[in-house]
Amino acid sequence: MRKNLDVISAYAIMLGLIILVGFLQSWSMALSILCFCLISAVMTMGANIQWGYAGLINFGIMGYTALGGLAAVLVSVPPVKEAWQVGGFNMILCAFLIALIVFSVRFIIKKYNKSAKKNYGIAAVIIVGLILLRLISGPAIESIEAVNPATTGFLGGMGLPILFSWIVGAFFAGALAYIIGKIALGLRADYLAIATLLISEIVIAVIKHEDWLARGVKNVIGLKRPVPYEVDLQTKEWFINLVEKFNQGALNLITDTLERQELLKQLVIESSTVFVKLCFAGLFTVVVIILLIITQKALYSPWGRMMRAIRDNEEAANAMGKNVVKQHLLIFVLGSAIVGIAGAMMVTYDGLFTPGSYRPMRYTFLIWVMVIVGGSGNNFGAILGGFAVWFLWVEAAPIALFLINFFTSGLEETNAFKVHLVNSIPYFRFLMMGVGLLLIMRYRPRGILPEKIKQI
Amino acid sequence: MDFLNAIVLLLNYLFVPALSYGSQLALGAIFVSLIYGILRFAYFTAGDLMSFGTMFTILFTWYFQSLGINLGFLPTALLAMPFGIVITILYVLIKDKLVFSYYRTQKSPPVMLAMVSIGTMFVTQAIVRIVIGPFDRRFFDGEKFILKANEFKEMTGLNEGLTIKSTQVITLLVTIIVVSILFWFLNRTKTGKSMRAYSDNEDLALLSGIDPKKVVMITWIIAAILATIGGALYGLDKSFKPFTYFNNMLPIFAAAIVGGIGNPFGAFLGGYVIAFSEILLTYAYRKFFVYILPESLEPDSLLQLLSTDYKFAVSFSILVIVLLFRPSGIFKGKVL
């Protein structure tokens, strides 16, 4: 107990802050902050596995998040039959063609010795393959996108419950990470960072512009939810009774039946959103706890010790007979898969998939700030980082407004300088993040909750 | 005649834009490459430093405009640029003093410094957005075109027009001047040579009495100059928007790596490689082939290899290919 005092107190403060938001602003707001904190926590756990356990820099978090979101669309949306009829066959043919290209390139790589001819051969196969792909997919894509473009215009998904997508998202992200890892893991640390950053941009570009896949920038809205809808809840008998029970005190004060009815209706509407968010928060908490147990177990297993050994001294670990390349690839895939889960969770929570909103600032660099601030190598630290940084990110505006008003209290309301500052409040969050990151890196370089190595 | 038309078409839509875009990228890539070679870390603030410099150039441009000072047919921004450069130099030097110098004395690994540069990226972005806002701004004034399409058509009697914007010519001229001064400085002067020595082998350079503080300071000053010029030229040519500048960091990094990071000349050429391939691969060649092929063979599709949406993706794919086959870049930079 004593040993973990810092962890417990840090989390207590964090929860206290969220509850404070509930009292000061609204419970709905507090719960949505909590939900996004939990999602961020999953992302930071993924990044922490890669950076904290193995020392791999992955700046491609945005790409995996988006792939997780894509999985949510592809799993939950019902299939668009018409689109499949007009273009499905060609698209399946394309999938086969891609597989064929990949296998023939692999075949060339395996079969022939290193030479200029081999490179030309690979290039030729890829170019011919791409041209064929263009020819086959072109008309199909056109006809798919022409099917009812205002609402569908894409192939649709499988029509399964959206919860499955959390697993599928992990697989998508893991598969992408496998490809990226194969390409880029041999690179030096900061090259890896740049390469992953750029590759994640490519992923976003593809998702944005291949409309047949997930409508691109036209967005997919109205995804199914794993929890009840507010509108349904408001008509349910048991829910209204529940709300009545909870607010017995306030309701009993009012004697007028009509007024009482009115208040109850108001309360039911308010509590329905809170209830939905509570359900989400519960689901997310379950995911976080499961992942936390698994990652903690892994961290203190022989495998975790090996990863730390590789991180701290790659050559020594290699000399001890550990396959560094293979382990790096494995941990790269695992970490990215966890980020993929978070991506799917986020789209599930939002109920919509907006590829245009995936930006590296929010989905890559912010997550990195979380990991570094929280404490890399320590799962509790990473989760705390996710909570603290997201909290600050959301609450930055009110804090900035307060500070501006405080420091410029001598100025008039119409002072141009003050008005300018108040208008640029949204950008103070960047300043806070940057200064926070710099301060933590300078004075507490191992994060708020630093890594603890259990001695055996 | 058709053949000439085809050439002019390519010149107008491919060559001229790619050349100016490439110059803007090249300026950025050179300073990223220099910082990588001498300070030994990936400088993620690159794009935002450019927007910082451009922002001050714009502020000074507005100030001069309000005073009624201008350069006639040249954009006022050229006059404002030196002032922007001075402020950017001050900014990077202060930043180095407050932030980066600590990690150098600690001999932190490059990854740590790259992380720190992400911190400064956030701060710089915040400053730019708070001071000038996130909006799209144009600050070009003066003569817009050097050669208009109609004039060219009348002059030559061709069907295709050639437009040359003055910003394109300015970009090219300024780039040539700046880059030649830079390479003269690096190759001929004592300070430049000491910088290259420091980049090649730090310990050996220190042993032979090179002052690391001076080398680092000069590197930052060069970085600030190149960032401001590159950013201001990009802003003159297109427009100034902080978010675009942040995004430009990606092709700049691609250019630096493709050219061989740590090698300024490679980075310079890398900028053009990226720019040309981006534009070559996303251009619709239909009209070109209409001119060049006999009528019976005229194509009916757009003949576009990739849609323009994939502009960025092209440069990154080139990067990936280069990383796979020649990890030290086309023009041998530091070995990974």
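None of the figures in this text is laboratory data; all of them are computed from the coordinates on show. None of the values given here were measured: they were computed from a predicted structure. Note that we place each Cβ from the backbone using ideal geometry, even for glycine, and neighbour counts take in every protein chain shown.
Residue A:260 to residue A:95: FRET efficiency via 1/(1 + (r/R0)^6), r the Cβ-Cβ distance, R0 45 Å, to the nearest 0.05?
On the way: r = 61 Å, r/R0 = 1.36.
Efficiency, rounded to the nearest 0.05: 0.15.
Sort region B:1-124 into rounded, prolate or oblate with this rule: let a ≥ b ≥ c be the square roots of the eigenvalues of the Cα gyration tensor; rounded if a/c is under 1.5, and if a/c is not under 1.5, prolate when a/b is larger than b/c, oblate otherwise.
Values: a/c = 3.74, a/b = 1.46, b/c = 2.56.
Judged from the Cα gyration tensor, region B:1-124 comes out oblate (a/c at least 1.5, b/c at or above a/b).
So between residue A:219 and residue A:117, what do we pick up on full extension, going 0.36 nm a residue minus the alpha carbon distance?
Working: separation 102, 0.36 × 102 = 36.72 nm, distance 4.45 nm.
Once the chain is fully extended between residue A:219 and residue A:117, it gains 32.3 nm.
Roughly what would the spin-label model give for residue A:102 and residue A:269, points 7 Å off Cα along C-beta, in nm?
5.1
If the cut-off is 18 Å between C-alpha atoms, which lysines fall inside it for residue A:326, apart from same-chain ones fewer than 8 positions away?
A:182
So for B:62, A:166, fewest C-beta neighbours within 10 Å to most, what's the order?
Values: B:62 15, A:166 24.
Ordered by Cβ neighbours within 10 Å, fewest first: B:62, A:166.
Once fully extended, how much extra length lies between residue B:325 and residue B:1, figured as 0.36 nm per residue of separation less the alpha-carbon to alpha-carbon distance? Display every interim value, and only then the final one.
Numbers: separation 324, 0.36 × 324 = 116.64 nm, distance 4.19 nm.
Extra length from residue B:325 to residue B:1 when fully extended: 112.4 nm.
In the structure shown, do any of A:224/A:452; A:117/A:322; B:148/B:241 have a Cα-Cα gap over 32 Å, and if so which? Before the final figure, lay out each step's value.
Numbers: A:224/A:452 42 Å; A:117/A:322 35 Å; B:148/B:241 27 Å.
As for pairs spanning more than 32 Å Cα to Cα, those are A:224/A:452; A:117/A:322.
Which order results if A:73, A:128, A:339 are arranged by neighbouring Cβ count within 10 Å, fewest first?
Details: A:73 25, A:128 12, A:339 32.
Ordered from fewest to most neighbouring Cβ atoms within 10 Å, A:73, A:128, A:339 come out as A:128, A:73, A:339.
Taking amide H positions as placed in the peptide plane 1.01 Å from N, state which residues far from residue B:146 in sequence (5 or more) or on other chains have amide H under 5 Å from it.
Here the answer is B:164, B:165, B:166, since their amide H atoms fall under 5 Å of that of residue B:146.
By the gyration tensor of its Cα atoms, with a ≥ b ≥ c the square roots of the eigenvalues, what is the shape of chain A: rounded for a/c under 1.5, prolate for a/b over b/c, or oblate? Mind dumping the intermediate values first?
Working: a/c = 1.85, a/b = 1.28, b/c = 1.44.
Taking the square roots of the gyration eigenvalues as a ≥ b ≥ c, chain A is oblate.
List the lysines whose Cα lies under 21 Å from the Cα of residue A:245, skipping any in the same chain that are fewer than 8 positions away.
Here the lysines satisfying the reach criterion relative to residue A:245 are A:236, A:265, A:277.
Distance in nm between label sites at residue A:143 and residue A:11, each 7 Å beyond Cα in the beta-carbon direction?
Inter-label distance under the simple model: 5.6 nm.
Relative contact order (percent) for chain B, with alpha-carbon contacts under 8 angstrom and 6 or more residues of separation?
With pairs under 8 Å counted, the relative contact order is 32 percent.
What list of ³J(HN,Hα) couplings, whole Hz, do you get for region A:29-46 from phi and the Karplus terms 6.51, -1.76, 1.60, once you set θ to phi - 60° and write x for glycine and proline?
Ordered by residue, 3J(HN,Hα) equals 4, 4, 5, 5, 4, 4, 4, 5, 4, 5, 4, 4, 4, 5, 4, 5, 4, x Hz.
Specify, per residue and in Å³, the volume enclosed by the convex hull of the alpha carbon atoms belonging to the protein assembly as shown. List each step's numbers first, then the result.
On the way: hull volume 180.7 nm³, N = 792.
In the protein assembly as shown, the Cα hull volume divided by residue count equals 228 Å³.
Would you kindly derive the ³J(HN,Hα) couplings of region A:228-235 from the backbone phi angles with the Karplus curve 6.51 cos²θ - 1.76 cosθ + 1.60 (θ = phi - 60°), listing them in order in whole Hz, with x for Gly and Pro?
Those phi angles translate into x, 8, 4, 4, 5, 4, 5, 9 Hz.
Across region B:173-184, in residue order, what do the Karplus-derived ³J(HN,Hα) couplings come to in whole Hz, using 6.51 cos²θ - 1.76 cosθ + 1.60 with θ = phi - 60° and x for Gly and Pro?
4, 4, 4, 4, 4, 4, 5, 5, 4, 4, 5, 4
Non-local amide H neighbours of residue B:71 (under 5 Å, H modeled in plane, Pro and chain starts lacking H): which ones?
The list, which skips near neighbours in sequence, is B:76.
For the protein assembly as shown, what is the mean residue ellipticity at 222 nm derived from helices alone (per DSSP H run of n ≥ 4: -39500 (n - 2.57); sum divided by total residues; nearest 500 deg cm²/dmol)? It would help to have the intermediate numbers written out before the result.
Working: 34 runs with 561 residues, N = 792.
The per-residue figure over the protein assembly as shown is -23500 deg cm²/dmol.
What shape does region A:1-141 have by the C-alpha gyration tensor, where a ≥ b ≥ c are the square roots of the eigenvalues, rounded means a/c under 1.5, and otherwise prolate means a/b greater than b/c and oblate the rest?
Working: a/c = 4.78, a/b = 1.83, b/c = 2.62.
Oblate shape, in that a/c is at least 1.5 and b/c is the bigger or equal ratio.
Test of understanding: ordering A:420, A:209, A:328 by Cβ neighbours within 10 Å, fewest first, what list do you get? Don't skip to the answer; put the middle values down first.
Numbers: A:420 12, A:209 17, A:328 22.
So the residues, fewest neighbours to most, are A:420, A:209, A:328.
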